[in-house]
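Colleague: Handing you this structure, nothing more for now.
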Amino acid sequence: MSLFGKDATSSSHLALGILCHSSLQILSSSVRLDGKRWWTAIFRSLQRCSIGFKSGIWLGHSRTAVSTYGSDPEMTNLLDRMDFFVLPVFNIDGYEYTWTNDRMWRKTRSRNSGSSCIGTDPNRNFDAGWCTIGASSNPCSETYCGSSIESEIESKNLANFIRSNKSIIKAYLTVHSYSQLLLFPYSYKYDLTADHSELLSVSQGAIAALSSLYGTRYTSGPGATTIYPAAGGSDDWAYDLGVKYSYTFELRDEGRYGFLLPESQIKPTCEETMLAVKYIASHVLNNLY
């Protein structure tokens, strides 16, 4: 999912990005709320997504944001000062395939020249140490990096959208499952970013906010050392492009259910994660760069 925003007090723009691992096609509907017009951007994919759990989480977040406007001072302030654009599903073809053929399908559904194996791991397809550590050049691998950088229409369209709006994008959040982690760059190398201290501090505040609701324990840190090294991720790519506040959520749980999280845990996951998102968004709003 991606959020982008505008400072209501000036003509300058700022943006917060959230990605729920798809290509961007529309910016669509508007609704009226308290005399104001709220625009919701839904980015539709030409190709299709792996795990539906994530899209449900973020559609839930969108409903929460709108429904609490006026009653939640923090959310009201964020919505007054920022426009939120939501990309619910990144890999639409892969997502559809999980309903029709393989519940645990991960990759896109594009054909690979010279191979009978289908698809590319879209989170290994961005220009961030592409196809080096933690990625495979084998089309049959679950972590296949693709035939080239942004070979997949999903990653190409997303990257083009972010590049064309680079001047207003101040943060980028990408949402995955599972492991209960809040990660930030880098994942494609072990070097610390120039903003490591601030990114770590913000992540710690965010997971503290998250755990305050149900006591869910998260760990935060750079991707390479906190979970595993992985080249070609959109979060690293966005950071290197100049989007300082770039984070990846790995949602519930820690492995008991894994990708097959029970339905009863989806709403609580949404509720607690929203607290972390609000924390990060508020920090961005108060620390423009």
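Colleague: Of all residues in segment 70-86, how many are over 13 Å from residue 279 (Cα atoms), at pLDDT 85 or above and within 19 Å of the chain's Cα centre (by Cα)?
Modeller: 0
Colleague: Moving on to the next point. Which one is farthest from residue 181 (Cα to Cα), of the residues in segment 259-289 that are part of a loop (DSSP other than H, G, I, E, B) and not hydroxyl-bearing (Ser, Thr, Tyr)?
Modeller: Checking each candidate, the answer is 288.
Colleague: Yes or no: residue 156 under 26 Å from residue 115 (Cβ atoms) and basic (Lys, Arg)? Explain how you work it out, then say what you get.
Modeller: On the way: under 26 Å from residue 115 (Cβ atoms): yes; basic (Lys, Arg): yes.
The answer is yes for residue 156.
Colleague: Residues in segment 154-163: is at least one under 28 Å from residue 106 (Cβ atoms), buried (at least 23 other Cβ atoms within 10 Å of the Cβ) and among the acidic types (Asp, Glu)?
Modeller: Scanning segment 154-163 turns up at least one residue that is under 28 Å from residue 106 (Cβ atoms), buried (at least 23 other Cβ atoms within 10 Å of the Cβ) and among the acidic types (Asp, Glu).
The values are calculated or read from the model by the stated rules, or taken from the named source; none is laboratory data. What you see is a predicted model, and the numbers here were worked out from it, not measured in a lab. Every residue, glycine as well, gets a Cβ built from its backbone with ideal geometry; the counts of neighbours run over all protein chains shown.
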